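Asker: Below: one structure in structure tokens.
The values are calculated or read from the model by the stated rules, or taken from the named source; none is laboratory data. Remember, it's a predicted structure, so these values are computed and weren't measured experimentally. Here Cβ is always computed from backbone atoms with ideal geometry, including for glycine, and neighbour counts include all displayed protein chains. With ligands, DNA and RNA removed, areas are computed over all heavy atoms of the protein, side chains included. Shrake-Rupley method; radii C 1.70, N 1.55, O 1.52, S 1.80 Å.
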Protein chains: 2
Amino acid sequence: MRIRKFLLTENEIPDKWYNIMADMPNKPLPPLNPATKEPIGPDALAPLFPMALIMQEVSTEKWIEIPDEVREIYTLWRPTPLYRAHGLEKALGTPARIYYKYEGVSPSGSHKPNTAVPQAYYNAKEGVKKIATETGAGQWGSALSFACSHFNMECEVYMVRVSYDGKPYRKVMMNTWGANVYASPSNRTAAGRKILAEHPDSPGSLGIAISEAVEVAASDPNAKYALGSVLNHVLLHQTIIGQEALKQMEKAGEMPDIVIAPFGGGSNFAGLSFPFLRLNFEEGKKIRCIASEPASCPKLTRGVFRYDFGDTIGMTPLLPMYTLGHNFIPAPIHAGGLRYHGAGVIVSQLLKDKLIEAVSHTNPEVFKAGIIFARAEGIIPAPEATHGIATVIREAQKCKEEGVSKTILFNLCGHGHFDMKAYQDYFEGKIKEHELTDAEIRESLKELTTPEIA
Amino acid sequence: MRIRKFLLTENEIPDKWYNIMADMPNKPLPPLNPATKEPIGPDALAPLFPMALIMQEVSTEKWIEIPDEVREIYTLWRPTPLYRAHGLEKALGTPARIYYKYEGVSPSGSHKPNTAVPQAYYNAKEGVKKIATETGAGQWGSALSFACSHFNMECEVYMVRVSYDGKPYRKVMMNTWGANVYASPSNRTAAGRKILAEHPDSPGSLGIAISEAVEVAASDPNAKYALGSVLNHVLLHQTIIGQEALKQMEKAGEMPDIVIAPFGGGSNFAGLSFPFLRLNFEEGKKIRCIASEPASCPKLTRGVFRYDFGDTIGMTPLLPMYTLGHNFIPAPIHAGGLRYHGAGVIVSQLLKDKLIEAVSHTNPEVFKAGIIFARAEGIIPAPEATHGIATVIREAQKCKEEGVSKTILFNLCGHGHFDMKAYQDYFEGKIKEHELTDAEIRESLKELTTPEIA
């Protein structure tokens, strides 16, 4: 009997998160105050985040302890399984050895609870009564709703309009855990009203929804804000994925040559890859880490590296990132979690320093990859996850052409149970590529008045 | 840190199924030929099932080996976790110690692949090219689609109309694994056309869908039929659940006083409870095993014990079962998997012999239980599973009233990701009880001309 799954016991759940800041040869540039263009300190973030998370945001300590209360909730779904993709290898006829870490076993079905739980925990500990947030496809909003229900906190979710309409059951899921969910742009905030005045039919974007949630948090002393990706502390929490995967690859007696993950704001990719990058830093290994983004939202492969806002309206500090411009509104692809204009600062710096790679895939390409995977392995991937699978298939085919057997590991970050409409669209031939011209990207970036980076 | 989850390794997946037939004090009466009313032999089933499954159907061997190929596919999701429900205990304020086995981690989200995989395997081994089946809520159809995709077999699913309309994404899920899905009653079969002629707006039932699938299988020499519950071999395959749970309860250092599972045709209940009933038989333990059924389809609590057809049209052999009559069409509750008129013969005999118990719950009661569970434990249960949870809550409240700390184990047979419409209906106050009068049950049973049992 071939082994298809590598498990860990509850006691093997890591007790520390890995902070890559400690090992980066070039640290990211500091965030700037948008008015003064001066670096901001931790205090500037205090209206939005509890101090424990702010300290994690700026920390350069290599290891940060995971509180026992968080680890106990983690045990609801962690450690997650690592699979050897025998079925996919066979379907592709590749000599590559393919593994995947499966995060879809969490209650909300993705990797997002890995950070939602500690974020809710630290907020609860500092007496916060309500958390406002945004969500794209609904993965992050679901995760935070689930986490807040564990700490009896109110949760208010601004859900990107195109997903709100297309994924009504994600909303019901959040309601089931007790959260309130609003379509964004909404009439509940000044930011939302501003967008609606200009674009009454706006499909929304993560950038807009972030503006709304930030506004709600900033205007209520009992409320804070939470972000599901991009920020350093979010990437930090997700490193539990890669740390478990590392132990599991050791059990499998292998080390990956290539690590692949989908890319939205960076937490999915960071979660799996940073613990392997640590081996590159510490031991001089040469593990290639590849971020997979949609061709319709290509900040890593076609964006510029400069300061930009994290949201659309311009309420956040300026961050040094690969960006398509904070006004960029991506096509309404089903992979809502990847529709974000910028990349987290750590990942941006790593890409700038050529320590990681990035590739993009078209919309039809990723769904084709998703179907191949579902039939070969049995698990139906979320549209976000299909981007990583498309990269895996590309690399596995290279192995076949070159006759080499590389070991590939990827992050199957979530299941597609709430995305069956997307698969339906694929079967009905409705999945098209949203061709993005250079002129459109130049146009979006032209409006930027934020500081450039030399 | 409290332990919330008890895992097993891949090597601890049982290598044999447990056949309770070997231990039953009274064996079930034989199935009868509907024309002659004479007992039928294994050959009579050959048009519908491969011989390996027929031999399991009639076997009285205590242990039946699980083929390595099946165990390898099982490892995609097995062993499944066993949880201690600390959150639910706290929410109920009960001294009861509550555990649950979670089968929702399978690719199709329920316990059904446990039997779908071996059924597909044995069919493939005997050269079958196509399997026809019925599905209620879609759990079984999804599972068989998944299983058939592993063996490159065609899969044709007759899905009860009310579920087909209410759960379109279950259909897409089956399509994703390559299956063809039709609403039942359909125009594709004589059985379907007969029903439609009499009831053009028929919401369908499992009994009708079974008639259709059986007809398709019986009329195509390359096709066979597969059933997702009721039959002995299906119950047999599901015993892997209880066998794992037994090992996990031992790890937790406890033995359940009460074992609870939802009841549709019997495989869910049998899967968890039979390995514990074995201890009652072998060691004289007194573990109470309780089947939870909907008040709107109460064959165990309000049906009669007699011979009846397994399907609506009357194409199957006559089976000695608790039944509401094969013409009974239950109210269109969301727990589609529990909308079946009869109970499997083994479970029926055990109930007749008072070796197990049965209770029923109303529709609003089960959804209330489901919400309590989702908020307390984080996992959103399938509507079928909420029936078991309602029984758990009832027993846990008894413990509270009596001040005793019993250990309760139940089968969380699936997640509710494809049932969010049901939760939406609950939040919108649309979940009502379908009061079933004694007169209605008498009416349904009156038409029966099948043999009574003394």
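Asker: Okay, which of the stretch A:414-454 sit inside 13 Å, backbone N to the point 7 Å along the Cα-Cβ direction of A:Lys37?
Answerer: A:449-454
Asker: Right, next: With every protein chain left in place and a probe of 1.4 Å, what is the accessible surface of B:Lys285, to the nearest 10 Å²?
Answerer: 80 Å²
Asker: How far apart, in nm, are two points set 7 Å out from the Cα along the Cα-to-Cβ line at B:Lys398 and at A:His199?
Answerer: Going from the B:Lys398 label point to the A:His199 one covers 5.9 nm.
Asker: Which shape class, rounded, prolate or oblate, goes with chain B when its Cα gyration tensor gives a ≥ b ≥ c as root eigenvalues, a/c under 1.5 marks rounded, and past that a/b bigger than b/c marks prolate?
Answerer: Rounded.
Asker: Here is a further query. If B:Lys430, A:Lys167 are ordered by their accessible area, calculated over protein heavy atoms with a 1.4 Å probe, which sequence runs from highest to lowest?
Answerer: From most accessible down to least: B:Lys430, A:Lys167.
Asker: Given the rotation that superposes chain B on chain A, what residue of B brings its beta carbon nearest the axis, and what is the distance in Å?
Answerer: B:His417, 2
Asker: With r as the distance between the Cβ atoms of B:Lys251 and A:Asp68 and R0 = 25 Å, compute the FRET efficiency 1/(1 + (r/R0)^6) and round to 0.05.
Answerer: For R0 = 25 Å, the calculated efficiency reads 0.75.
Asker: Further question: Across the stretch B:117-131, in residue order, what do the Karplus-derived ³J(HN,Hα) couplings come to in whole Hz, using 6.51 cos²θ - 1.76 cosθ + 1.60 with θ = phi - 60° and x for Gly and Pro?
Answerer: 5, x, 4, 5, 4, 5, 5, 4, 5, 9, x, 5, 9, 8, 10
Asker: Ok, one more. What size of dipole, in debye to the nearest 20, comes out for the protein assembly as shown about its Cα centre when the only charges are +1 on Lys and Arg C-beta atoms and -1 on Asp and Glu C-beta atoms?
Answerer: Charge dipole, the protein assembly as shown, about its Cα centre: 360 debye, nearest 20.
Asker: Given a Förster radius of 45 Å and the C-beta distance between A:Ser59 and A:Asp165 as r, what FRET efficiency does 1/(1 + (r/R0)^6) yield to the nearest 0.05?
Answerer: With R0 = 45 Å, the Cβ-Cβ based efficiency is 0.70.
Asker: A further question follows. Quick check on the stretch B:71-220: take the gyration tensor over C-alpha atoms, sort the square-rooted eigenvalues as a ≥ b ≥ c, and tell me if it's rounded (a/c under 1.5), prolate or oblate.
Answerer: Note, shape of the stretch B:71-220 comes out oblate.
Asker: Given a Förster distance of 22 Å, report the FRET efficiency between A:His86 and A:Phe427 from their Cβ-Cβ distance, rounded to the nearest 0.05.
Answerer: So, using R0 = 22 Å, E works out to roughly 0.25.
Asker: Quick one: work out the % antiparallel among DSSP beta bridges in chain B, nearest 5.
Answerer: Taking every DSSP beta bridge with both residues in chain B, the antiparallel ones total about 40 percent.
Asker: What do you get when you divide the Cα radius of gyration of the stretch A:210-279 by 2.2 N^0.38 Å, with N the number of residues?
Answerer: Scaled against compact globular proteins, the figure is 1.46.
Asker: Hey, another quick one. I'd like the isolated cysteines in the protein assembly as shown, meaning no second cysteine's beta-carbon lies under 4.7 angstrom from theirs.
Answerer: Unpaired cysteines in the protein assembly as shown: A:Cys289, A:Cys297, A:Cys399, A:Cys413, B:Cys289, B:Cys297, B:Cys399, B:Cys413.
Asker: Does anyone have the angle between helix A:232-252 and the longest principal axis of chain A? Alpha-carbon axes, 0 to 90°, nearest 10?
Answerer: 10 degrees
Asker: For the stretch A:118-151 and the stretch B:14-76, what is the centre-to-centre distance using only Cα atoms, to the nearest Å?
Answerer: Each part's Cα centre sits 49 Å from the other's.
Asker: Continuing with the same structure: Per-residue Cβ counts within 10 Å, from other chains only, averaged over B:219-232: what number is that?
Answerer: Partner-chain Cβ atoms within 10 Å, mean over residues of B:219-232: 0.
Asker: Taking H placed 1.01 Å from N in the peptide plane, check which residues at least 5 places from A:Ala183 or on another chain put their amide H under 5 Å from its amide H.
Answerer: A:Met159
Asker: Could you give, in nm with one decimal, how far B:Pro39 is from each other copy of that position, shortest first, with labels 7 Å out from Cα toward Cβ?
Answerer: List, nearest first: 8.8 nm.
Asker: Continuing with this model, one more query. Between copies, how far apart are the B:Lys432 label points? List them in nm, one decimal, shortest first, with each point 7 Å from Cα toward Cβ, please?
Answerer: Copy-to-copy label distances for B:Lys432: 4.5 nm.
Asker: Follow-up. Express the accessible area of the stretch B:224-294 per residue in Å², computed with a 1.4 Å probe while the remaining protein chains stay in the model.
Answerer: 21 Å²
Asker: Are there any trypsin sites (Lys or Arg not before Pro) in the stretch B:310-391 that are in a DSSP loop and have at most 10 other Cβ atoms within 10 Å? List them by number.
Answerer: Listed in order of number, the matching sites are B:Lys354.
Asker: Nearest 5 is fine: what % of DSSP beta bridges in the protein assembly as shown come out antiparallel, could you say?
Answerer: Taking every DSSP beta bridge within the protein assembly as shown, about 40 percent pair in antiparallel fashion.
Asker: Give me the distance in nm between label points sitting 7 Å out from Cα along the Cα-to-Cβ direction at A:Glu154 and B:Glu154, one decimal.
Answerer: Modelled inter-label distance: 5.8 nm.
Asker: Still on this structure: Just counting partner chain Cβ atoms within 10 Å, what average do the residues of peptide B:1-10 show around their Cβ?
Answerer: Taking all residues of B:1-10 together, the mean is 6.
Asker: Which whole-angstrom value gives the distance between the alpha carbon centres of the stretch A:283-320 and the stretch A:165-240?
Answerer: 20 Å
Asker: In the full protein assembly as shown, how much of A:Val216 is accessible to a 1.4 Å probe, in Å² to the nearest 10?
Answerer: 20 Å²
Asker: What residues of the stretch B:411-426 lose no less than 20 Å² of accessible area with every protein chain in place versus their chain by itself (probe 1.4 Å, heavy atoms only)?
Answerer: Buried by 20 Å² or more upon assembly, which counts only protein chains, are B:His417, B:Phe418, B:Met420, B:Lys421, B:Gln424.
Asker: Moving on to the next point. Can you give the mean number of other chain Cβ atoms that lie within 10 Å of the Cβ atoms in peptide A:166-179?
Answerer: 4
Asker: For B:Asp353, which inter-copy label distances result when the label point lies 7 Å beyond Cα on the Cα-to-Cβ vector, reported in nm to one decimal and in ascending order?
Answerer: 7.1
Asker: What angle, in degrees between 0 and 90 and rounded to the nearest 10, separates the Cα long axis of helix A:206-218 from the longest principal axis of the Cα atoms of chain A?
Answerer: Compared with the principal axis, the helix lies near 50 degrees.
Asker: Can you list which of the GluC sites (Glu not before Pro) found in the stretch A:357-454 are DSSP loop residues with at most 12 other C-beta atoms within 10 Å?
Answerer: When the GluC sites (Glu not before Pro) of the stretch A:357-454 are filtered for loop state and at most 12 Cβ neighbours within 10 Å, A:Glu428, A:Glu435, A:Glu447 remain.
Asker: Could you order peptides B:89-96, A:128-135, A:23-30 by the average number of other Cβ atoms within 10 Å of their residues, highest first?
Answerer: Result, highest mean first: A:128-135, B:89-96, A:23-30.
Asker: Taking only Cα atoms, what is the 0 to 90° angle, nearest 10, from helix B:267-283's long axis to the longest principal axis of chain B?
Answerer: Once rounded, one gets 60 degrees.
Asker: Hey, another quick one. Show that you can apply the helix-only estimate: for chain B, add -39,500 (n - 2.57) for every DSSP H stretch of four or more residues, divide by all residues, and state [θ] at 222 nm to the nearest 500.
Answerer: -12500 deg cm²/dmol
Asker: May I pose another question? Is the C-alpha gyration tensor of the stretch B:265-406 telling us rounded, prolate or oblate? Criteria: a/c under 1.5 is rounded; beyond that, a/b larger than b/c is prolate, otherwise oblate.
Answerer: oblate
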